[in-house]
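This report refers to the structure that appears directly beneath it.
Read the figures in this text as sums done on the coordinates, not as results from a lab. Just so it is clear, the structure is predicted and the values come from calculations on it, not from any experiment. Cβ: placed from backbone, ideal geometry, glycine included. Neighbour counts: every protein chain shown.
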Amino acid sequence: MEERSQACLEKYLESLPPEDAKRYTSFCADCFCSDEYNANLCADLILRGEKRATCSMDYWYTHAGEALPEVGSLQVVTNWDGEPRCIIEITSVSKCRYNEVTADFAEEEGEGDKTLAWWKKAHWDAFSLECKEVGIQPDEGMMLVLERFKVVFPEPR
């Protein structure tokens, strides 16, 4: 973990009673999205309480060796430049197919106009690029990993 993110995480953990801090055992630091504009936008949406969920292709966990997200994990959310913006705790992890994502989940993602139609278009475009990178075809039935989270630091306003 980069030094600034580590310092942010330590500040949060030190602010907790020791018995609460001990329950956290999984940590990471990263920005959302794969481009500067959206990474910075997502960090802002999270801080404003508008973005409370995210998703990714299950492919990354089943074929590319990434660890599946776990409830209770902490993530230092950074902007594109690696500056810590907040810390989130994952509150739920589930799987569903692209064509089964609900309007409620699209709203929780907090991006665009928060509709399912907007979500489907934006995520189809993003997942299509990811699929192209690894040489697979996107399809409406592709499995996704859905994560919900809450901001734990700084305290939500």
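Pairs meeting the criteria (first residue in the range 49-67 and of a type in the set (Val, Ile, Thr), second residue loosely packed, with under 15 Cβ neighbours inside 10 Å and in a strand (DSSP E or B), beta carbons under 9 Å, at least 6 apart or on different chains) are Thr62/Met143. Note on the range 1-54: among residues that are aromatic (Phe, Trp, Tyr) and more than 22 Å from Glu66 (Cα to Cα), the one that is nearest to the chain's Cα centre (by Cα) is Tyr37.
Note on the range 88-113: residues that are free of Cβ contacts under 8 Å to residues at least 24 places away in the same chain and closer than 15 Å to Lys51 by Cβ amount to 5. Residues being out of contact with any strand residue (DSSP E or B) (no Cβ under 9 Å at 6 or more places or on another chain), buried (at least 17 other Cβ atoms within 10 Å of the Cβ) and either within 25 Å of Val76 (Cβ to Cβ) or aromatic (Phe, Trp, Tyr) (or both) are represented in the range 120-129 by at least one member.
Looking only at the range 102-113, filter to residues that are surrounded by 13 or more Cβ atoms within 10 Å (Cβ to Cβ) and out of contact with any helix residue (DSSP H, G or I) (no Cβ under 7 Å at 6 or more places or on another chain); which one of those is farthest from Phe149 (Cα to Cα)? Per the stated criteria, the residue is Glu107. Determine, yes or no, whether Arg85 is without any contact (Cβ under 8 Å) to a residue 60 or more places away in the chain, surrounded by 17 or more Cβ atoms within 10 Å (Cβ to Cβ), within 20 Å of Lys150 (Cβ to Cβ) and basic (Lys, Arg). For Arg85, the condition - without any contact (Cβ under 8 Å) to a residue 60 or more places away in the chain, surrounded by 17 or more Cβ atoms within 10 Å (Cβ to Cβ), within 20 Å of Lys150 (Cβ to Cβ) and basic (Lys, Arg) - is met.
Of the residues making up the range 8-21, none is touching a residue at least 12 places away in the same chain (Cβ under 8 Å) and not in a helix (DSSP H, G or I).
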